[in-house]
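Input: a single structure, listed below in structure tokens.
The values are calculated or read from the model by the stated rules, or taken from the named source; none is laboratory data. Quick caveat, the model's predicted, so the values are computed rather than measured. Cβ: placed from backbone, ideal geometry, glycine included. Neighbour counts: every protein chain shown. Areas reflect the complete protein model, heavy atoms only, side chains present, ligands, DNA and RNA absent. Shrake-Rupley method; radii C 1.70, N 1.55, O 1.52, S 1.80 Å.
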Amino acid sequence: MRYAVLVTGPAGAGKSTFSTAFATHLRVSKRTAHIVNLDPAATGDAFEYLPAIDIRELVTLDDVMGEMNMGPNGGLVYCFEYLLQNMDWLEEELGGYDNDYLIIDCPGQIELYTHHTFLPNLVRNLQRMGIRTSAVYLLESQFMEDRYKFFSGVLSAMSAMVNLEVPWINIMSKMDLVSSASSSSDASEPRNGKRPKRDIARYLDPDPMLLVSARDGRDQQRGNDKFHDLNRAIVQLIEDHPLVSFLPLDLTSTESLETVVSHIDFTMQYGEDEEPKEPHDLDEGDFADME
């Protein structure tokens, strides 16, 4: 049985870094893992490991933008259309991997997960090849500046979940960048500075109704009743469809990474279809010196 994990999420969420750490962890655990790059715009130094399969061998964003006179967003859409038209290339590339764990690093264009059918079609092709597929969605902890960004992040994750229709885990990445301080210590700290642990923890598995009911200083500055009414409506949608919670990921902690990997294994039922390995006969192999 082959397994594939789609590593998705917005740009800058740490997808490539997570993919590398994920592959390293599996290899240390004596499991066979390979990175598959599906980002045609990836730079040469984006990966610590050379990808086993690389879409850039089929098509690159730079070539599309140059030859088709397209911008980066349109060019990326074209690249995925081209990939789906050449699925025989991907199937041939995947043919050499059996009983392996494929970590598929996806682009950071959020529309690919929420609006287009490219990734759902890719998932169906992987499943047709007999590859058990799941996905993770990374959202960086530093993005959680206030509850309204949290609501937008939840909606993007929920939209991607519904679009792809595979076993799914949401991850709050870059928790190693979270400050140990209980609250913001300096009002003059940059807007994108380190987020206090207390501010982030409440978004991991929150009660959306409680988040929207309490107003902070920024709410008073906005002072727009229509804005708050809109957020209450969004929160009610989240509350009616409680699909999203986040696992914290601190790549400096082996325990944190192991927890995430265990959840991914569980969602895909990793190893449940594997046949038990028979031990060597006693008269040969590992036990020969015991006679």
**OP:** Rank these by accessible area, largest first, 1.4 Å probe: THR133, THR17, THR60, THR259.
**Re:** THR17, THR259, THR60, THR133
**OP:** Express the C-alpha Rg of the stretch 89-175 as a ratio against the empirical globular expectation 2.2 N^0.38 Å, rounded to two decimals.
**Re:** 1.23
Subject >> Positive-end residue, the stretch 1-105 charge dipole about Cα centroid, Cβ charges, pick of LEU94, THR32, ASN73 >> reply: THR32
Original post:
Residues of the stretch 37-134: accessible area per residue at 1.4 Å, in Å²?
Top reply: 48 Å²
Original post:
Once you put a point 7 Å from the Cα of GLU111 and another 7 Å from the Cα of SER256, both along the Cβ direction, what distance in nm separates them?
Top reply: 3.3 nm
**OP:** Take the Cβ-Cβ distance between GLU165 and ASN224 as r, set R0 to 30 Å, and report the resulting FRET efficiency rounded to the nearest 0.05.
**Re:** 0.25
Original post:
In nm, what is the difference between 0.36 nm times the number of residues separating ASN73 and GLN85 and their Cα-Cα distance?
Top reply: 2.4 nm
Original post:
Say each of GLN236 and MET129 gets a label point 7 Å from the Cα, pointing the same way as Cα to Cβ; how far apart are those two points in nm?
Top reply: 4.5 nm
Subject >> Fully extended contour minus Cα-Cα distance, from ASN121 to LYS149, at 0.36 nm per residue >> reply: 7.1 nm
Original post:
Can you give the FRET efficiency for THR43 and GLN269, using 1/(1 + (r/R0)^6), R0 = 35 Å, r = Cβ-Cβ distance, to the nearest 0.05?
Top reply: 0.50
Subject >> Point-to-point label distance, GLU93-SER245, nm (Cα→Cβ direction, 7 Å offset) >> reply: 3.6 nm
Original post:
Largest first, what is the accessible-area ranking of HIS115, HIS34, HIS228 with a 1.4 Å probe?
Top reply: HIS115, HIS34, HIS228
**OP:** Please grab the % of Cα pairs in the stretch 93-143 that end up more than 12 Å from each other.
**Re:** 73 percent
Subject >> Within the accessible area of the stretch 2-154 (1.4 Å probe), percent carbon and sulfur >> reply: 47 percent
**OP:** Please work out the Cα convex hull volume for the stretch 1-86 and give it in Å³ per residue.
**Re:** 108 Å³
